[in-house]
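Only one structure is covered here, and it is reproduced in the block below.
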Amino acid sequence: MKNNKNIIYLLLTILSLSTVSCTKDFTEVNTDPIGRRTAEAHQLLTPALVNVLNANMVRNWNFNNQLMQVTVEINDSEGRVFRYDVRRNQADYTWNNWYTNLTDLRDIYTIASQPGSLNKSYQAISLITQSWVYSLLTDTYGDVPYSDANSGKADIMEPAFDKQRAIYEDMFLKLEQANQLLKEGTAIVPTSDPVFKGDVSKWRRFGNSLYLRLLLRVAGKAEVSATTIAKIKQMVDTAPAEYPVMENNSHTAKILWNGTNSSTAVFSSPFMVNIRAVDFRNMPVCDFFLGKLVNWDDPRVDPALGTASVPRFGLDRGPDGWVGVSSGYSPGSGVVQQTHFNSDTENKLTLQTDVNTGIIMNSAEVAFIKAEAAAKGWISGPVQNYYYKGMADAINYWMPTYITNPTDANFQNYINTAGLTWDATLPLDATAFGSKSQMESILVQKYYAMFLVDFQQWFEYRRTGHPILPKGPGLVNGGRMPTRLNYPLITQSTNPTSYRNAVAAQGADDINTLVWWQRP
Amino acid sequence: MAYEDPVDAFFTTGFESSNSLSLDGTYKGVGLRLSASHGNNEWIVPNTGLERTTVALNANTTIAKKLTINFKGQYSNRHSDNLPATGYGNQSLMYWFMFAQPNVNVDWYRDYWAPGRELLQFQNITTTNPESPYAISEQYLNGQRRNGFLGSLSANYKITSDLSLMVRASGDLNNDVRETKRPWDASGNKFAQGSFRLANIRSYEISADFMLRYNKKIGKDFQVTATVGGSQLRNSYNRLETRADGLIIPGVYDLNNNRSPLVYAPDTARYRINSFYGTGSLAYKNYLYLDITARQDWNSTLATITRTDNVGFFYPSASLAFIASDFWKLPASISYAKLRGSIAQVGSGSTTPFRTEYTYLSAADGIYPDGALNNTRILPNPNLKPLITTTVELGLDLRLFKNRLNFDLAVYSGNTKNQILNRIVDKSTGYNVQVVNIGRVDNKGIELAVNGTPVQTKNFKWTLNGTFTANRNKIKELADSSLVLRTGALGSGQVVANVGGSMGDIFGRGYLRAPDGQIVYNPSTGVALENPDLIYLGNTTPQFRFSFGTGVTYKQFSLSALFDAQLGAVGHSLTFSRMASLGKHAITVPGRYNGVIGDGVLQNADGTYRKNDVIATDIAAYYESLYGSGQAEGSIFKTDYLKFREANLTYTFANKFTKKLGLNKLSLGVYGRNLFIWSEWPAFDPEFGTLAGSDIVQGFEVGQLPSTRTYGARLVVGL
């Protein structure tokens, strides 16, 4: 019996010891040894920007370029974007990518505002890159979650949609603030800045250039035109030293890819990572895009000025020569591929692995913004200086040694031969097919300058109606260019109430509802 | 010219062999059992298969009068040079079949390298899409070598004749090495220069427990049993994958052949569960039994970095059984009758750790400079609560005619609170998924098992058995108005939980329908129109399950067969959708030459409807509109099935004969498994859920591999 007692005592001792240790070390055990508790502002920038550019380039290639007659698929089936037949699931990819990466871009501001890691430049970089991505969202979908967005961490799981006007007004405040913050030139980590390698002054130029882009986009909207036009004038004419913008391609915001055909290495081109060589190669160039360039004998498509007789844009001629395919053809019309892009597998110059395709915003666009503002009399001219500067910068981006500025002989020769000299006698605007106008002249060139830049060609077409596109017989949607993308279908389940409110406020959730800045 | 269906032609007959041997004996007072087994499986895909070897030793001995020791040890090895990948994507074999031409000679795919470009570039003979299936099975290799050790040691000490103590420790250790080889030009551009990845996975689970048991007869009528016990469990998983994505020399799979810097992708998980429990049983006169249990668990996965106050949870149960046939004198035809009732709770934390704290993760596996990071895309839940299931159950066990006809019936009703799930959130929150406790789901169901022996003579016996189960659940409370739990690959299919709905409700895009339910077609092209909104498409959890088995024994022969069935659920078949929209499925044959008029209506200008009279001539567009990726409804099918699960025929040699050979037992049999499936399901097998038992993972079939029918012979020799 004594033995038994001892054993029971022993057990009781073990039991009581165990009770104490029932949750011992649990906090440590349930702490992820791989995940980090904190991040530094600079660590969040590169992946987010690369991911956004990735989505932009993929959708530029298979959505924007189809709508804007840069390219045209050979395909008779339903759901072809070039026929304005846009499937509803087209909406998901950009929505998902833009929003998830905004979490990191917004977090940069939060981190750079904390006492221990205060950095005004990172605050500004966050404001600029956020505005860049939110502007893509609102210009694509219209009213979108903005003030409540990216706040899952604060437990806002069903964010309300903000009005586009309110989003624009807030982006202007952010960009204004960024310009002030960057004035001080607080240093950033150069190796973590894939865009400007730590040159804070160039971030300031980019922020103000983006500001100009967004101001111009809403300048025609009656409720805000007076203030936006005044702002453009202040930035360009009155106080340019206070608002430095991009002046040349050394200021262009871009991420350079690694130039290899690796699809897994750091900074592999999104065209290489996401588009199969066979699809890249089988994308015919549209005759609208190619025809003008060939007519002008444009250096970007001149085989003699390219590499091994391949023009700078990495094109390969079709069976009928340097011609493209007309967009909007009817199913069953037996269209065949003509001029198309080279892909990685041909061992020829190709945009698929080109280092220069990751464009966020370029200096040529800024020149054309000024050209339009000058043509409309909002700023002083002369218009042609801005117009030529834009054209020269657009070519310079791809062929930096061939043309460096508008006074170059190569450039003068090009515009004279091509008949692209500025014609101030043209009416400011004309919309009939084939009509000439100052707006058409500027926006045709801007269209080429914004080649590969996310959805900008489409946004500008929706804003201005330029360049005037031919309409093929196979178009659906009543031949109307889509004016937005619908919201992702899953939003109806994941955010049902806010979705219904947004549709009630903005109008039917389809591709023909006008976003605020497009409404008369 | 027609060739054999590529699916039939590509797959070969697999071969599986399994041998096992066991020895029992006693040596110097130690009971020993040694067993070894070896299995070899050559699978139906060429160049795939695996080999298994297991050796186990059991030993038990009584050291002192009151102390017995038991030891178990097992070593196992699993080895494969290639395991096939599934799913929707270029690396999946079944992806190819969705695009395969039904009338192409499959042998044409055997020469998959482009001429003169061996190891560098694949050629595509019929489609610009995926690689040849032979390229996938011969060049896309997924190898595995796993070594496992399992051991346990327990001691039982009889303190008195009523009281005993058991102490046990056990461990399960695994070391798994996986090699993933991808040639140049693999998967479109994904691995343009190939890839070699080597993953080293070390995992272990160790546990220790004790149980004190007290058993005593009190007076004439009462018997008491009580136990008190406790256990500790530690589980750990560590994986490190080293990636050489991009190879210098094609076809050389070595980490030193890397073109870009090696990428290291770590993964880890660990958890601990500590428990105390007690049980008490009281038996009265062999006809009334009361059982009470109580258990307290502490689970580390519920802890946060600052607190552990919510990691513990307690769950009790009570049950009462009454054996009526022993209490009353019932008619002779009733051999046994037992009534039982119970109320029980079961609690559970989770075995997925690290879901309570917000983290930053290495971006793109660390390829960017300066240790670039992303915010987590999975929102953690610092207030995670344990799941508690409460069930009330009543049961009846009835055996008639000397156990020749038996019924076992159970009805239950209960609820599950705070199930821990990943909810898919709108990306505008900035995240993909949020970890949530979903609220309360009520459950009720019935389970019935019947077995009988209609004929029994000296040499002949015929048995029948069957089961029937039904279950319904209803969502009563949710963390938010609706929770999206799973999404499909195409057509916006999604599993959504709504209050008032059921777990496993599937929604998606469907056809535009007239008020009478007919599909509305496009008046100019004749293709089916899509409904822009989300519609309910069915539920992925079966409402009823049945099984039916029978057996006949005649002298030394025995024959048995087993069937089972399920009813009442639906699923989305991606294999069907892709094949139909690409024109690879027989359903798309009508109208290829002259067009087809879809079954449904057209809307007139005044809003009324008329029978569809427009011939769809673009037949690809027509079938895409019916079955393609624009909507999910066209590829939703019932997963109802009846399966001939198993058949066995065995001859057991008579004792006299086996004794003569000096053997204990000798039998020879043939068997077949998964012999037939009767089902509307368009892909291979309506049971495609990746993790059976939970409705969340069902619903979307994504490139399933064919299930296999197995025939075999079995020889058992007992010494």
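Read-outs: derived from the displayed coordinates by stated rules, not from any lab. All values reported here derive from a predicted model rather than from experimental measurement. Using ideal geometry, Cβ is built from the backbone for each residue, glycine included, and neighbour counts are taken over all protein chains shown.
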Self-check item: Spin-label proximity, B:S667 to the stretch B:638-658 - amide N less than 13 Å from point 7 Å beyond Cα toward beta carbon
Solution: B:648-655
Quiz item: Using a simple spin-label model with points 7 Å from Cα along the Cα→Cβ vector, what separation in nm is obtained for A:D423 and B:Y3?
Solution: 6.0
Self-check item: Diffusion constant of the stretch B:216-342 at 4 °C, which comes from Stokes-Einstein with the Kirkwood Cα-pair radius and 1.567 mPa s, µm²/s
Solution: 63
Self-check item: B:K216-A:T497 FRET efficiency (beta carbon distance; Förster radius 60 Å; 0.05 resolution)
Solution: 0.40
Quiz item: Under 22 Å Cα-Cα from B:K476, which lysines qualify once same-chain neighbours fewer than 8 residues away are excluded?
Solution: B:K385, B:K417, B:K444
Quiz item: Could you state the number of Å between the C-alpha centres of the stretch A:142-177 and the stretch A:238-283?
Solution: 27
Quiz item: Taking the stretch B:328-382, which chymotrypsin sites (Phe, Trp or Tyr not before Pro) meet the DSSP loop condition and have no more than 11 other C-beta atoms within 10 Å?
Solution: B:W328
Practice problem: Take the eigenvalues of the Cα gyration tensor for chain A, scale each by 5, and report the square roots as semi-axes in whole Å, largest first. | Solution: 46, 28, 25
Quiz item: Which value in Å is the Kirkwood Rh of the stretch B:109-187 over different Cα pairs?
Solution: 17.3
Quiz prompt | aspartates and glutamates with Cα under 16 Å of B:K66, excluding same-chain neighbours fewer than 8 positions away | solution = B:D162
Self-check item: Centroid-to-centroid separation of the stretch B:276-351 and the stretch B:1-36 [C-alpha atoms, Å]
Solution: 39
Quiz item: What's the local net charge at A:D76, with K and R +1, D and E -1, over the other residues with C-beta under 12 Å away?
Solution: -3
Quiz item: Considering only A:F267, A:V285, A:H251, whose Cα is most displaced toward the positive end of the charge dipole of the stretch A:224-358, charges sitting on Cβ of Lys, Arg (+1) and Asp, Glu (-1)?
Solution: A:F267
Quiz item: Which entries in B:K338/B:K461; B:K65/B:K216; A:K348/A:K436; A:K120/A:K254; B:K338/B:K638 show an alpha-carbon gap greater than 29 Å?
Solution: A:K348/A:K436; B:K338/B:K638
Self-check item: Percentage relative contact order, chain B, counting C-alpha pairs under 8 Å, at least six apart
Solution: 7
Practice problem: Can you tell me the relative contact order of the stretch A:270-346? Whole percent, Cα pairs under 8 Å, sequence separation 6 or more. | Solution: 38
Quiz item: So what is the calculated 222 nm ellipticity per residue for chain B, using -39500 (n - 2.57) for each DSSP H run with n of 4 or more, over all residues, to the nearest 500 deg cm²/dmol?
Solution: -1500 deg cm²/dmol
Quiz prompt | Distance between modelled label sites at B:I334 and B:K444, nm, 7 Å Cα→Cβ extension | solution = 2.6
Quiz item: Contour minus end-to-end for B:Y711 and B:K402, with contour as 0.36 nm per residue of separation and end-to-end as the Cα-Cα distance?
Solution: 107.6 nm
Quiz item: Which whole-angstrom value gives the distance between the alpha carbon centres of the stretch B:613-670 and the stretch A:296-352?
Solution: 52
Self-check item: FRET efficiency for B:A265 and B:A226, using Cβ-Cβ distance with R0 set to 51 Å, rounded to 0.05
Solution: 0.50
Exercise. With label points built 7 Å along Cα→Cβ from the Cα atoms of B:N47 and B:F557, find their separation and express it in nm.
Key: 4.6
Quiz item: Using 0.36 nm per residue, how much length does the chain from B:A318 to B:N70 gain when fully extended, once their Cα-Cα distance is taken away?
Solution: 86.1 nm
Quiz item: When the helix-only estimate is applied to chain A (DSSP H runs of n ≥ 4, each -39,500 (n - 2.57), divided by the residue count), what is the mean residue ellipticity at 222 nm, nearest 500 deg cm²/dmol?
Solution: -13500 deg cm²/dmol
Quiz item: Can you work out the base-10 log of I(q)/I(0) for the protein assembly as shown at q = 0.05, 0.07 1/Å, using the Debye formula on its C-alpha atoms alone?
Solution: -0.45, -0.85
Exercise. Might you report the magnitude of the Cβ-based charge dipole of the protein assembly as shown about its Cα centre, with Lys and Arg at +1 and Asp and Glu at -1, to the nearest 20 debye?
Key: 5600
Practice problem: Give the value in nm², to one decimal: projected area of the alpha carbon convex hull of chain B, averaged over all directions. | Solution: 42.7
Exercise. Report the FRET efficiency, 1/(1 + (r/R0)^6), for B:N200 and B:N19, where r is their Cβ-Cβ distance and R0 is 30 Å, rounded to 0.05.
Key: 0.50
Practice problem: Please say if the stretch A:90-189 is rounded, prolate or oblate, where rounded means a/c under 1.5 for a ≥ b ≥ c the square roots of the C-alpha gyration tensor eigenvalues, and otherwise the choice is prolate for a/b larger than b/c and oblate otherwise? | Solution: prolate
Practice problem: Provide A:F341, B:F401 in ascending order of the number of other Cβ atoms located within 10 Å of each residue's Cβ, fewest first. | Solution: B:F401, A:F341
Practice problem: Apply the Debye scattering formula to the stretch B:524-656, with a single equal point scatterer on each alpha-carbon and no solvent, then give log10 I(q)/I(0) at q = 0.11, 0.15, 0.19, 0.22 Å⁻¹. | Solution: -0.62, -0.86, -1.10, -1.24
Exercise. Tell me the GluC sites (Glu not before Pro) within the stretch B:4-91 that lie in a loop according to DSSP and have at most 16 other beta-carbon atoms within 10 Å.
Key: B:E4
Quiz item: What ratio of Cα Rg to 2.2 N^0.38 Å holds for the stretch A:270-346?
Solution: 1.13
Practice problem: Take the Cα of B:D81, step 7 Å along the line toward its Cβ, and report every residue of the stretch B:174-195 whose backbone nitrogen sits under 12 Å from that point. | Solution: none
Quiz prompt | Net lengthening on full extension, A:S380/A:V278 (0.36 nm per residue, minus Cα-Cα) | solution = 31.8 nm
Quiz prompt | trypsin sites (Lys or Arg not before Pro) within the stretch B:299-402, DSSP loop, no more than 16 other Cβ atoms inside 10 Å | solution = B:R307, B:K329, B:R377, B:K402
Practice problem: Sorted from largest down, give the three principal axis spans of the alpha carbons of the stretch A:193-270, whole angstrom values. | Solution: 50, 26, 17
